[in-house]
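A.B. asks: The structure follows.
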Amino acid sequence: MTPAKLWLRIFGAGFLVIIALLIVTLKTPPFYGDMTRIGLLSETAFGWRIEPPHVDPKYLNAVPVAEADIVVIGDSFSMSNRWQSMLTRAGYRVTTTFWGQINEELCGDFDAWLDRAGFRGKLVIVESIERLVNDRMVATQTCKTMAKPFSAGIKPFFESPSSVPAPVLNWDGKLTSGVRIYRNTRRAREATEPILSNDKILVRPVPEGCALFSHQLCDKVPFWPADDENGELTVQHAAQMKAFGDAHPRRAVLWMIIPNKTTVYVKPEHSKDFVTAFGAADIGPDLFSLSFEQKNKVRDYFFPNDTHLSMHGQLVVGQRMLEAVRKILPAAPSKAS
């Protein structure tokens, strides 16, 4: 064989491999969940398939802080403004800022910080996912001065898909991603024990998973490893939350602690001492017990392919938050006037 023919054969073989990889990637649906994206798992196998509830966009908009009845300080669970829509639908005027915008801490001059922003309302809701509470409370214990001015947008920070994403060609995927996704998904499908996918996402069996989730491979569910790694919340965390509210009595502080996805579906005893102390302190609604109950009533209470509450779950939580808000602000000010 001449060198030219050998080169052509090598080139041809390489070209066929590239074409094959491209076809596999093109036929692999684009990601719409954070866990499938990070874990390189198939949306066909793990993507949710129940249409989300419709929320009129006017209820997803915030108001400027100077016009707000309620300030929400939240994390990614508050970025779609979906749970807040239950408050705005009831007539409350809400604005939302995020932990990332305030250096993940609440400081001693909290009241003055809100005054400088022009907030004249009477209620602050502090939302956090369970796994990040400890770090935020540690920072809060020593923080004296809010480092950044209040900042909040009018529109949702993040828009969740308004319907089940339709299959489309994946033109944005990396050449080898389709094959990697196929291999990771096959490995997850065949596993009988929890496995790490792409060394980052824990895929584990969930008892009666197909009654709880809508995705195709519903007996297996991806979870964030930090749910386990960051440890449990304790009685001390509840005491710190109450102490913060007591130190800032000018406005009511309502704590909104969302349990980890792993806590809800796999480890219901996680942070149980905290939950008891939190309830006794009367500083916010018990979203742990709510979630344990609702996961059996609301399929995809959490997204199967994501670490967050689904839009169905968001509205359930929003209704409970509305009930808690009404105990502090009995009538929506904008409707009472």
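A.B. asks: Could you tell me whether Arg299 is in contact (Cβ under 8 Å) with a residue 24 or more places away in the chain and in contact with a Ser or Thr (Cβ under 7 Å, 6 or more places away or on another chain)?
C.D. replies: Considered against the rule, which asks whether it is in contact (Cβ under 8 Å) with a residue 24 or more places away in the chain and in contact with a Ser or Thr (Cβ under 7 Å, 6 or more places away or on another chain), Arg299 comes out as yes.
A.B. asks: Moving on to the next point. Output the qualifying pairs, or none if there are none: Cβ atoms under 6 angstrom, residues six or more apart or on different chains, first residue in segment 129-140 and among the hydroxyl-bearing types (Ser, Thr, Tyr), second residue open to solvent by 30 Å² or more (accessible area, probe 1.4 Å) and part of a helix (DSSP H, G or I).
C.D. replies: none
A.B. asks: For segment 291-317: of the residues being under 12 Å from the mean Cα position of the chain (by Cα) and part of a helix (DSSP H, G or I), which is farthest from Ser214 (Cα to Cα)?
C.D. replies: Gln314
A.B. asks: Restrict the check to segment 117-125 and report whether at least one residue is among the charged types (D, E, K, R) and under 25 Å from the mean Cα position of the chain (by Cα).
C.D. replies: no
A.B. asks: Moving to a separate point now. Could you check how many residues of segment 64-80 are within 12 Å of Leu309 (Cα to Cα) and either touching a Phe, Trp or Tyr at 6+ places or on another chain (Cβ under 6 Å) or open to solvent by 10 Å² or more (accessible area, probe 1.4 Å) (or both)?
C.D. replies: So the count comes out to 3.
A.B. asks: Hey, can you tell me all the residues within segment 31-51 that are more than 13 Å from Pro161 (Cα to Cα) and assigned to a loop (DSSP other than H, G, I, E, B)?
C.D. replies: Listed by number, the residues that qualify are Leu40, Leu41, Ser42.
Condition check ((1) touching a strand residue (DSSP E or B) at 6+ places or on another chain (Cβ under 9 Å); (2) modelled with pLDDT under 95; (3) on the phi < 0 side of the Ramachandran plot) across all residues:
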{"site": "Tyr32", "(1), (2), (3)": "no, yes, yes"}
{"site": "Thr36", "(1), (2), (3)": "yes, no, yes"}
{"site": "Ala45", "(1), (2), (3)": "yes, no, yes"}
{"site": "Trp48", "(1), (2), (3)": "no, no, yes"}
{"site": "Asn61", "(1), (2), (3)": "no, no, yes"}
{"site": "Pro64", "(1), (2), (3)": "yes, no, yes"}
{"site": "Ala90", "(1), (2), (3)": "no, no, yes"}
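The values are calculated or read from the model by the stated rules, or taken from the named source; none is laboratory data. Quantities reported herein were computed from a predicted structural model and do not represent experimental measurements. Counting neighbours? That spans all protein chains shown, and the Cβs are built from the backbone with ideal geometry, glycine included. Just so you know, the surface numbers come from the protein's heavy atoms only, side chains and all, with ligands and any DNA or RNA stripped out. Shrake-Rupley method; radii C 1.70, N 1.55, O 1.52, S 1.80 Å.
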